[in-house]
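The values are calculated or read from the model by the stated rules, or taken from the named source; none is laboratory data. Everything quoted here is computed from the prediction, not taken from an experiment. Backbone-built Cβ (ideal geometry, glycine too); neighbour counts: all protein chains shown. Side chains included, ligands, DNA and RNA excluded: accessible areas come from the protein's heavy atoms. Shrake-Rupley method; radii C 1.70, N 1.55, O 1.52, S 1.80 Å.
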Amino acid sequence: DDSDGGTGIKKEKKKKGRSRHSSMAGSTTTATVALAKEKKVTRTRPQRSSSLYVPGTSATTSSSTGTTPAVQEKKEVTRRAPGRSSSLYVPASEETDKNTATPAPVRPSRRSSTTGRKARSKSSARRSSAFKMMKDCETKEEFQKVKMAGFLRDLHQLAKEDTKAKVRDTITKESSSGGGSNKDKSKNDGYTLSLTQKELDGMTPTIAWEKLTALHQRGERFDCDSLVRLTQAAVTCLGEEETMIDICQDLPNLKTLTVVGDIHGSLTCLLSVLDLVKARNLPKELEHRAIVFDGDFVDRGEHSLEVLATMLLLKLAHPKNVYLLRGNHEDTMTASTYGFLQEIQDKYGYDLGDEIWWEFGALFAAFPICAKSSKAVVMHGGIPTADFTLQKLKDVSPATRRTIKTIADPLDDDEILLQGVLWSDPCDEMGIQ
């Protein structure tokens, strides 16, 4: 049979192969083992790392030192990381003396001054971005506080009169037990500074500074009736001025225009400013000099009442030399959030405080918005839109302006315009953001 013959032949060949190998093994066993040991090469398992191993050539030691197996030489190429120099490291064999090993060449670093400048530029941009983010958050937080205050005030107005009286009585009793700081007082109880209507009608710098000396140095306080009369006289004076005042029309020979920024209830700051501009020595009519107080008279500080009373007295004493412009804190909603309303209630109680607060709301609306000379335009905030013109402010009549007690939540174009002028802030980028 062919298949059996083929199978038999194959088996026979395999047997013959095994017998041939076994016949040779008997005579050359010692030599084969020695040769196998001599050619044996140790193998190293690759390590778990990012390095690339390139196996080298095995080597043996000199015959004078004996025949020992050599360790397989391996070459390590380190991968280059960003910002670091790439180097080639070739370790010597285990039998090589470390003192005589040739150091591997190291390439110089490629970092340059350009990289340093880029890093500093990125760091500066990151700080600028963080500052802008914090500024935007602060502005957003102010609007949220103002809107919350308006919401609470609306709820307060919706409450019934008897409920409001009960709440006020409860607060008064609690304040009395805790020291009585908010206890309602009679209109003239404890207030030693008065201002008559006759003095207001014939106001002069002498009368004004007499009242200011008592207010600043002796710490006296206007009684409620006098403070109301002062506020109403200022509303009449300010309400007659245009929304955008042209100072050169009042003072054709104007040479010096002094602009004073935010005071924010700091009486110490205001007194320092008055000393700098020598306000005490101003005569009744001064043709070549004017002072503009550019808004934010109240809130945050502890003496907003004293600061506002001082400015109103100066305005009545120098109507053509002292100008008072509205800021974003001369607003019933904003000032009720940032401390001015609380200051009034602390100093005059809740009943008298409500009466005074109503008069100050009319005062806020009476303040002009902008003033200009032949070389400058003064406003509290800035340019609100790219198409803004001074004529738009001029078109807002004093009668319309006096109805706008708050601009925190504008309802028409005039209120939107005033909000933009009073709330706009400078920014680092060019253009209108």
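Key figures for this structure:
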item	result
Farthest positive-ward along the range 191-423 dipole, Cα basis, beta-carbon charges - from L325, G301, L411	L325
Percent of beta bridges antiparallel (DSSP, the range 191-423, rounded to nearest 5)	20 percent
Accessible area per residue in Å² at 1.4 Å probe, computed on the range 215-296	48 Å²
Cα-based shape type of the range 191-423, given that a ≥ b ≥ c are square roots of the gyration tensor eigenvalues and the cut on a/c is 1.5	oblate
Sites matching trypsin sites (Lys or Arg not before Pro) across the range 280-371 that sit in DSSP coil, with at most 15 neighbouring C-beta atoms within 10 Å	K284, R300, K320
Test item: Cα-centred dipole of the range 191-423, Lys/Arg +1 and Asp/Glu -1 on Cβ, debye	960 debye
Share of carbon and sulfur in the accessible heavy-atom surface of the range 191-423 [1.4 Å probe, %]	50 percent
